[in-house]
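The values are calculated or read from the model by the stated rules, or taken from the named source; none is laboratory data. Model, not experiment: these values are computed from the prediction. Positions of Cβ are backbone-derived with ideal geometry, glycine not excepted, and every protein chain shown enters the neighbour counts. What goes into the accessible areas is simple: the full protein's heavy atoms, side chains included, and nothing from ligands, DNA or RNA. Shrake-Rupley method; radii C 1.70, N 1.55, O 1.52, S 1.80 Å.
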Amino acid sequence: MLIPLTDAEGRETWINPIHVKVVRTRKGMLGAGKGTEVWFSFHGTSEAIYFTESPSEIAAALNAAMPPVIALDTSGDEPPITNPHTGG
């Protein structure tokens, strides 16, 4: 599920989209937008990966690589499905 992207320094970078926490505009000099930064956490030691594409382009590439998600409707009156006891 890793997707290849080229970072702002021209290096091939493979990202697992499940671990991405934030995609946002990278600020350049005088507050102007200068591409995109991708964060995997916001801890004091974390670092961002920078890209020249817009945040919407990076987010679209990450979203396209995500596995499909099945949403279960839990609003009905049926009891939840449980696994039968198999121990002896």
Residue, nearest to residue 68 (Cα to Cα), within the range 3-32, restricted to residues that are within 11 Å of the chain's Cα centre (by Cα) and open to solvent by 70 Å² or more (accessible area, probe 1.4 Å): 18
The condition of being out of contact with any His (no Cβ under 8 Å at 6 or more places or on another chain), free of Cβ contacts under 8 Å to residues at least 12 places away in the same chain and open to solvent by less than 80 Å² (accessible area, probe 1.4 Å) holds, among 41, 46, 75, 54, only for 46
